[in-house]
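Chemist: Let me begin by handing over the structure; questions about it come next.
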Amino acid sequence: MNIRAVILLSLLSVLFAFVGFKPIADPKMVTYRTDPINSVIRIAAVGDIMMGSTYPIPILPPNHGADLFKLISDELIDSEITIGNLEGPLCDSGKPKKDSTKYRFIFATPTRYVKNLVAAGFDVLNLANNHIGDFDTFGINTTKRVLDQVGIKYTGLKNSYADLIIKNKKVFVVGFSPYRRTNNLLDTHRAQKLIADLKRQGAIVIVTFHSGNEGVKHLHTKDSFEYFLDEPRGNVIKFAHSVIDSGADLVIGHGPHVPRALEIYKNKLIAYSLGNFCTYGRFCLKKEQGLSLILKVDLDTLGNFVSGRIVPLYQEPPGIPKPDSLGRTIELIRKLSLSDFPLSAPNIDSTGFITIQASIPPQLSPKYL
């Protein structure tokens, strides 16, 4: 190496040291900072989970459902917190609360299937939905007992929330729905008070809710009160904004059985519906109802949104989640977000990477592992 090259390298080293940067040989290797101030907490979230039902006649997957999450479990396990909506009780007996001649959809998943949720890495399950009470108090209590036995936390029942410690940071996950015995999404004042009380503890607060009209005719998110049949389902935009106003750091919706738009509100991410995730045997999987996703979200330890990613899936009939190489959910959510929230939609690129900024130069985009 000649003396001129040595001098040049010396000057460059001084320059990098002065401005606080280090030269990077390969821009693809840029990663998140991991110092205590800016380290990230990664959340993986999915929509409705119903792993098969014994009622009114058994429609259950082979091998007791052990293979249901086989192809996508790696995307769930690599997160600090994995959250899903348990759409129905875990119970082996009891009597249904609903009249089976009036309601076609009544679920009871065998308690042994809880091991599939453990193996897939679920940490928190939302119980605030319209099916957790299908077998009345008996089914709810059995579900709670089984989840307690395996160490999966749950949220959504009235005045309840899940609490975790992640990277020495307290995290609360709070579930809401418009149904009796759950944290009531329709009582905005009470919901805001609960979130504010939790936020005052210096915690990250994640809200998950089950609400909105159902089916492919209701892909769009509207700032209006929704009903399904004769059930009031609330105004999901007003609810999501109100809990963020009170301190929520991330809001995750499900209930319409289709994916819906993403919105950035006060620098916080809202997912208005993650659709169906694993709904074996009894759910309609036509058109957008068969499209699914895992939503990955990185928050810093103050709860600020860093970035996210849509992992596109589809459900192969009769309801097995599989990776979608076509990325159809990415394109669907991107279009819905721009249509429904033209001024507040996040940037979603073709790979599903989510940012607040309108665009990020490729050479500066952090690698999403």
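Chemist: Restricting to strands (runs of 3 or more DSSP E) lying wholly in segment 284-369: which have 1 or more residues that are modelled with pLDDT of 95 or more and in contact with a Gly (Cβ under 9 Å, 6 or more places away or on another chain)?
Modeler: Here the list reads 291-300, 305-316, 353-355.
Chemist: Could you please tell me which pairs satisfy a Cβ distance under 8 Å, a separation of 6+ or placement on different chains, a first residue in segment 72-90 that is touching a residue at least 60 places away in the same chain (Cβ under 8 Å) and open to solvent by 20 Å² or more (accessible area, probe 1.4 Å), and a second residue that is in a loop (DSSP other than H, G, I, E, B) and of a type in the set (A, V, I, L, M, F, W, C)?
Modeler: 78/369
Chemist: Which condition number does residue 307 fail, the rest of (1) open to solvent by less than 10 Å² (accessible area, probe 1.4 Å); (2) under 19 Å from residue 216 (Cβ atoms); (3) not hydrophobic (A, V, I, L, M, F, W, C) being met?
Modeler: The failed condition is (2).
Chemist: Let me confirm something: among 146, 150, 236, which residue is within 21 Å of residue 271 (Cα to Cα) and either modelled with pLDDT under 95 or of a type in the set (A, V, I, L, M, F, W, C) (or both)?
Modeler: On the way: 146 fails: within 21 Å of residue 271 (Cα to Cα); 150 fails: within 21 Å of residue 271 (Cα to Cα).
Exactly one of 146, 150, 236 is within 21 Å of residue 271 (Cα to Cα) and either modelled with pLDDT under 95 or of a type in the set (A, V, I, L, M, F, W, C) (or both), namely 236.
For (1) out of contact with any helix residue (DSSP H, G or I) (no Cβ under 9 Å at 6 or more places or on another chain); (2) open to solvent by 30 Å² or more (accessible area, probe 1.4 Å), each residue gets a yes or a no:
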{"position": "131", "(1), (2)": "yes, no"}
{"position": "136", "(1), (2)": "yes, yes"}
{"position": "154", "(1), (2)": "no, yes"}
{"position": "184", "(1), (2)": "no, yes"}
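Chemist: Still on this model: I need every pair where a residue in segment 259-283 that is farther than 20 Å from residue 216 by Cα and at pLDDT below 95 has its Cβ under 7 Å from the Cβ of a residue that is open to solvent by less than 20 Å² (accessible area, probe 1.4 Å) and assigned to a loop (DSSP other than H, G, I, E, B), sequence separation at least 6 or different chains.
Modeler: Cβ pairs passing all conditions: none.
Chemist: Here's another thing I want to ask about it. Right, residue 344: open to solvent by less than 20 Å² (accessible area, probe 1.4 Å), farther than 29 Å from residue 165 by Cβ and either touching a strand residue (DSSP E or B) at 6+ places or on another chain (Cβ under 7 Å) or charged (D, E, K, R) (or both) or not?
Modeler: Criteria not met by residue 344.
Chemist: Oh, and also: When segment 253-291 is examined, which residues are found to be of a type in the set (Gly, Ala, Ser), touching a His at 6+ places or on another chain (Cβ under 8 Å) and closer than 21 Å to residue 324 by Cα? Give the derivation first.
Modeler: Keep residues of segment 253-291 that are of a type in the set (Gly, Ala, Ser), which gives 253, 255, 261, 271, 273, 275, 281, 290.
Now restrict to residues that are touching a His at 6+ places or on another chain (Cβ under 8 Å): 253, 255, 261, 273, 275.
Passing the criteria: 261, 273, 275.
The values are calculated or read from the model by the stated rules, or taken from the named source; none is laboratory data. Keep in mind that this is a model prediction, so the values were computed, not measured. Backbone-built Cβ (ideal geometry, glycine too); neighbour counts: all protein chains shown. SASA here: full protein model, heavy atoms, side chains in, ligands and nucleic acids out. Shrake-Rupley method; radii C 1.70, N 1.55, O 1.52, S 1.80 Å.
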